[in-house]
Every structure is written in structure tokens, then in C-alpha cells.
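S.K.: The structure follows.
The values are calculated or read from the model by the stated rules, or taken from the named source; none is laboratory data. Every value quoted in this text rests on a predicted model; they were computed, and no experiment measured them. Every residue, glycine as well, gets a Cβ built from its backbone with ideal geometry; the counts of neighbours run over all protein chains shown.
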Amino acid sequence: TAAGYHLYGVNYWSPLDVLGQFLETTYTRGTRAGVFLISFVFALAQLGTNISANSLACGADMTALFPRYINIRRGSLFCVAMALCICPWNLMASSSKFTSALGAYAIFLSSIAGVICADYFVVRRGYVKLTHLFLAQKGSFYMFGNKFGANWRAFVAYICGIAPNLPGFIGDVGAPKITVSEGAMRLYYLGYPVGFFISAVIYLILCYFFPVPGTPVTNFLTEKGWFQKWAYVEDFEQDWKNELRRDDLCDDTVSIYDGTEEKIVY
């Protein structure tokens, strides 16, 4: 910090190093008590952040994937085990490695954003069947024709989006022990737009040749229109009850109202 540099003449990037410097320069009872309290707050904040933002989220996702075998507690323990396997202390070894690890999030998030934007804005044109989102059974648009509800097109596009950036990411985090070509590093510096564009294009190509169910248009490249339907939250419960009485709830037909006419798409 700037204050630490003014006091000790050294730039410390980690607050823990500053606490250690406190003890080296002024080793008194008051300093030890202050360092203990600050360290306790740091530990409590780290524990609370990881439990609420990381382990519980992973536990909920694992429970949704394998409800018969995994509950939230087991999923949280799985998250802890995976965190130890990636050796996070290597990413905290220096300020450059820490910032490189934070910057690397972009190459993983960009591919997710590319797939989501391509699916919602181009393939589905804003149309979402709310009642089908809560149906984990065959016939729901979002089960994608399999019992796992996995859209394989999205997985393939995601992998294609992050693949070009992985060599540069490995070279950046593993430097100086691991070196890669200059071209790979330059591509990595453009990681977000590259990952976004590649994943979106690959997803659109796969959806063109292997259409997903529940789309409002048969050919999203030539047909126009926006089919987002506004629904008030207060009325959704009643709409859901009415939908439950329909026999064609899980049918392959979808009713779309674009503001002018009722259109049935098969």
C-alpha cells in the first residue's frame, strides 16, 4: 500500500505482509493484540466469503446434478477438495500471479456470455417458456431431448471458445517456468472478445444444423422478429396453475404472440 511504502520503504501487495511488518518493527503487546484482531477479521471474512459464495453454490449445483447421491453438505466438501487440488497457494505466490489468475476469469466467462447471448438474442429471439423451465421431464423445451437436460451444443461451443486462449493462460500463470509463443500470448491478451465471438459463432452453427426445441422461428438466419413476452410477476402463479390444467403442456408446439397475431410454431 502507499501508506506502507511511506512507513517502511517497501511496496507490499498483500495485507498479511503488512501485518508481519508491524510485528517486526514494533513487537509490543498492543501491536500483537492489534495484529491478532485484524487477522481474526481477515480469517472470518475469508471463511464467510468462501462458505456463502463458493462452497454453498457448488453444493447446490452438485445437488441439482446428482440429487440421489449428493446433498449440499457433500457438494460443499467436494468444492473444498477441488480447491485443494488446484493448489491455490501457487496463485498467491506473488502479486503478478495473483493478478494473472484474476484476469484469467475473462477467458472462461467470455465463452459463457457468447453462448448465452447467441441463444437468447439470435436463436430464441427473446422467447422463454417459463412453465417449461420448472419441468424436469421429457417434453420440456429445456431438457433438450435427453434425461439430463444438457444442451450439448452449448458445451461444444464453450470448449471451442476457451481452447484458443488456454496456451496463453498457461504461459501467463506458469511464467517463467512455462513459456509459450508470442502469438499465443497476444491472442490471450484479447481473450474476452476472442472467446465471446468464437463460442457464439460455433453455437449458432450447431443450432443451425441441429436445431434446439422451443424456438419461435424455424430458420433464425433468414426469419425476423422478436418474441419476448412480458409477464407480470404477480400473475405468474395463476398462469402457472392454468398451464397445469393443459394437456399439451409438454407438447412440441409453442404458442407465441408477437403483438399482432397468434402464431403456432412446430
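S.K.: Looking at CYS85 and the list (1) touching a Cys at 6+ places or on another chain (Cβ under 6 Å); (2) within 28 Å of TYR192 (Cα to Cα), which single condition is not satisfied?
M.R.: Result: CYS85 fails condition (1) only.
S.K.: Would a scan of region 118-127 turn up a residue that is touching a residue at least 12 places away in the same chain (Cβ under 8 Å), basic (Lys, Arg) and buried (at least 20 other Cβ atoms within 10 Å of the Cβ)?
M.R.: Yes, region 118-127 has at least one match.
S.K.: Quick check: anything in region 33-44 surrounded by fewer than 13 Cβ atoms within 10 Å (Cβ to Cβ) and either modelled with pLDDT under 90 or within 30 Å of LYS147 (Cα to Cα) (or both)?
M.R.: Taking every residue of region 33-44 in turn, none turns out to be surrounded by fewer than 13 Cβ atoms within 10 Å (Cβ to Cβ) and either modelled with pLDDT under 90 or within 30 Å of LYS147 (Cα to Cα) (or both).
S.K.: List, please: which pairs have Cβ atoms under 8 Å, are six or more places apart or on different chains, and start with a residue in region 66-94 that is over 13 Å from ASN54 (Cα atoms) and end with one that is of a type in the set (A, V, I, L, M, F, W, C) and surrounded by 13 or more Cβ atoms within 10 Å (Cβ to Cβ)?
M.R.: ILE70/MET62; ILE70/PHE78; ARG74/MET62; LEU91/PHE98; LEU91/ALA101; LEU91/VAL173; MET92/PHE98; SER94/TRP13
S.K.: Going by the structure shown, is LEU91 under 25 Å from PRO216 (Cβ atoms) and in contact with a helix residue (DSSP H, G or I) (Cβ under 8 Å, 6 or more places away or on another chain)? Explain how you work it out, then say what you get.
M.R.: Numbers: under 25 Å from PRO216 (Cβ atoms): no; in contact with a helix residue (DSSP H, G or I) (Cβ under 8 Å, 6 or more places away or on another chain): yes.
No.
S.K.: Yes or no: TYR27 surrounded by 15 or more Cβ atoms within 10 Å (Cβ to Cβ) and either in contact (Cβ under 8 Å) with a residue 24 or more places away in the chain or not in a helix (DSSP H, G or I) (or both)? Quick ask: steps written out before the conclusion?
M.R.: Working: surrounded by 15 or more Cβ atoms within 10 Å (Cβ to Cβ): no; either in contact (Cβ under 8 Å) with a residue 24 or more places away in the chain or not in a helix (DSSP H, G or I) (or both): yes.
No: the conditions fail for TYR27.
S.K.: I've got another one for you. Go through (1) assigned to a helix (DSSP H, G or I); (2) more than 29 Å from ASN165 (Cβ to Cβ) and name the single condition ALA83 misses.
M.R.: Unmet for ALA83, out of (1) assigned to a helix (DSSP H, G or I); (2) more than 29 Å from ASN165 (Cβ to Cβ): (2).
Matching residues to (1) assigned to a helix (DSSP H, G or I); (2) more than 17 Å from LEU16 (Cβ to Cβ); (3) under 16 Å from the mean Cα position of the chain (by Cα); (4) not aromatic (Phe, Trp, Tyr):
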{"residue": "THR49", "(1), (2), (3), (4)": "yes, no, no, yes"}
{"residue": "ALA57", "(1), (2), (3), (4)": "yes, yes, yes, yes"}
{"residue": "ALA60", "(1), (2), (3), (4)": "yes, yes, yes, yes"}
{"residue": "TYR69", "(1), (2), (3), (4)": "no, yes, no, no"}
{"residue": "ALA93", "(1), (2), (3), (4)": "no, no, no, yes"}
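S.K.: For SER76, state whether it is assigned by TED's automatic domain parsing to the domain that holds PRO216 and buried (at least 16 other Cβ atoms within 10 Å of the Cβ). I'd like the intermediate steps shown before the answer.
M.R.: Numbers: assigned by TED's automatic domain parsing to the domain that holds PRO216: no; buried (at least 16 other Cβ atoms within 10 Å of the Cβ): yes.
For SER76, the condition - assigned by TED's automatic domain parsing to the domain that holds PRO216 and buried (at least 16 other Cβ atoms within 10 Å of the Cβ) - is not met.
S.K.: How many of the residues in region 135-163 are exposed (fewer than 15 other Cβ atoms within 10 Å of the Cβ) and of a type in the set (A, V, I, L, M)?
M.R.: 4
S.K.: Next up: Being in contact (Cβ under 8 Å) with a residue 12 or more places away in the chain and either surrounded by 14 or more Cβ atoms within 10 Å (Cβ to Cβ) or not assigned by TED's automatic domain parsing to the domain that holds PHE108 (or both) is the filter here, so list the residues in region 202-224 that pass it.
M.R.: ILE202, TYR203, LEU204, LEU206, CYS207, VAL212, PRO213, GLY214, THR215, PRO216, VAL217, PHE220
S.K.: Evaluate the following for ALA101: is it under 19 Å from the mean Cα position of the chain (by Cα), closer than 28 Å to VAL173 by Cα and aliphatic (A, V, I, L, M)?
M.R.: yes
S.K.: Do any helices (runs of 4 or more DSSP H) lying entirely in region 178-266 carry at least 1 residues that are among the aliphatic types (A, V, I, L, M) and modelled with pLDDT under 55, and which ones are they?
M.R.: Answer list for region 178-266: 233-244.
S.K.: On to the next question. Starting from residues that are over 15 Å from SER96 (Cβ atoms) and surrounded by 15 or more Cβ atoms within 10 Å (Cβ to Cβ), keep the ones in region 171-187 and report whichever is nearest to the chain's Cα centre (by Cα).
M.R.: In this case the residue turns out to be LEU187.
S.K.: Restricting the search to region 108-124, which residues are within 11 Å of ILE162 (Cβ to Cβ) and under 11 Å from the mean Cα position of the chain (by Cα)?
M.R.: Once the filter is applied, which keeps residues that are within 11 Å of ILE162 (Cβ to Cβ) and under 11 Å from the mean Cα position of the chain (by Cα), region 108-124 yields PHE108, LEU109, SER110, SER111, ILE112.
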